[in-house]
Amino acid sequence: MWQELRTRFHPQGLEVVTVALDVDPDAARPFIEAAKPEHPSLIDQAHVVDELFGIVNVPNGVWIDEQGTIVRPAEPAFPGANPVIDALREVDVSKLPPETAEMLVEARKIKADPEGYLDMLVDWVEHGTASRHALTPDEVIRRSQPRSTNEALAAAQFELGQHLHRSGDHDAAIPHWREAHRLFPDNWTYKRQAWEFEDPMRQGRTDAYDSSWFDDIKRLGAENYYPPIVP
């Protein structure tokens, strides 16, 4: 969907840069190659984008104008219908194992607004600084959340875990990733990255962590997984 967006609006000056947050670049590479992007498509092994822009879940988008100024901070970014999510809605859960069916039913409660987000983006492309969706610097700062001490410590713990994992000592990384989860429980990118190594795709319960995607999303309420877009 990002390539489609880029093809449509690049002649009008829009550039798309996609960034996969993956400690293991080979996890993201097949998806990038399948998409055949014509725009810059990067892999952030260190999750630096999280730290710089305040991203705590994916997909998130940040709007940056021609002068390099942020005009919308990190927020849920769906520029169109997601065929994967749409396909999940068509699955007959009665034919699935009970635990899998329960996860899928919960996942279907996740709310997104692809039409609204795309309308905002189109308005910005067409009107630039005159778009009501291009925020003033003061409003960008107001909507951006300052990083707390715990969040900074979580970033350090997550980075140390990355170093240990890349050095070949995955087991040593787990305590640091657990601590990152404890310090910053709202950061889904930290949690999903760690869960993925123990239980790829499902990110279910394991002995390595005190939580799982399903446990945490039930606790939060799937309808709250993404905050609503504020125009």
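The values are calculated or read from the model by the stated rules, or taken from the named source; none is laboratory data. Quick caveat: nothing in here was measured; it's all calculated off a predicted structure. Cβ placement follows ideal geometry from the backbone for every residue including glycine, while neighbour counts extend to all protein chains displayed.
Conditions tested, residue by residue: (1) closer than 30 Å to Ile64 by Cβ; (2) surrounded by fewer than 19 Cβ atoms within 10 Å (Cβ to Cβ).
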site: Asp138; (1), (2): yes, yes
site: Gln145; (1), (2): yes, yes
site: Glu159; (1), (2): yes, yes
site: Pro175; (1), (2): no, yes
site: Trp195; (1), (2): no, no
site: Arg202; (1), (2): no, yes
site: Asp215; (1), (2): no, yes
site: Pro227; (1), (2): yes, yes
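Quick one: which of Arg72, Arg29 is within 21 Å of Gln193 (Cβ to Cβ), outside any loop (DSSP other than H, G, I, E, B) and among the basic types (Lys, Arg)?
Arg29
Could you identify the single residue in Val122, Val140 that is of a type in the set (A, V, I, L, M, F, W, C), at pLDDT 95 or above and in contact with a Phe, Trp or Tyr (Cβ under 9 Å, 6 or more places away or on another chain)?
On inspection, the qualifying residue turns out to be Val122.
Scan region 209-221 and tell me whether some residue there is part of a loop (DSSP other than H, G, I, E, B) and either within 15 Å of the chain's Cα centre (by Cα) or among the hydrophobic types (A, V, I, L, M, F, W, C) (or both).
Looking for residues that are part of a loop (DSSP other than H, G, I, E, B) and either within 15 Å of the chain's Cα centre (by Cα) or among the hydrophobic types (A, V, I, L, M, F, W, C) (or both), one finds none in region 209-221, hence no.
Looking at Glu90, Glu115, Glu126 in this structure, which one is over 24 Å from the mean Cα position of the chain (by Cα), outside the structural domain of Asp215 (by TED's automatic domain parsing) and surrounded by fewer than 13 Cβ atoms within 10 Å (Cβ to Cβ)?
Result: Glu126 is the single residue among Glu90, Glu115, Glu126 that is over 24 Å from the mean Cα position of the chain (by Cα), outside the structural domain of Asp215 (by TED's automatic domain parsing) and surrounded by fewer than 13 Cβ atoms within 10 Å (Cβ to Cβ).
How many of the residues in region 153-205 are outside any helix (DSSP H, G or I), in contact (Cβ under 8 Å) with a residue 40 or more places away in the chain and among the basic types (Lys, Arg)?
1
Would you please name the residue that is modelled with the highest pLDDT, looking only at residues in region 41-55 that are farther than 21 Å from Phe31 by Cα and out of contact with any strand residue (DSSP E or B) (no Cβ under 8 Å at 6 or more places or on another chain)?
For region 41-55, the residue satisfying everything is Leu52.
Read through the list (1) modelled with pLDDT of 90 or more; (2) in a loop (DSSP other than H, G, I, E, B); (3) crowded, with 16+ Cβ neighbours inside 10 Å, then give the number of the only condition that Phe9 fails.
(2)
Condition test on Arg147, is it assigned to a loop (DSSP other than H, G, I, E, B), under 14 Å from Asp50 (Cα atoms) and out of contact with any Leu (no Cβ under 8 Å at 6 or more places or on another chain)?
Against the criterion (assigned to a loop (DSSP other than H, G, I, E, B), under 14 Å from Asp50 (Cα atoms) and out of contact with any Leu (no Cβ under 8 Å at 6 or more places or on another chain)), Arg147 qualifies.
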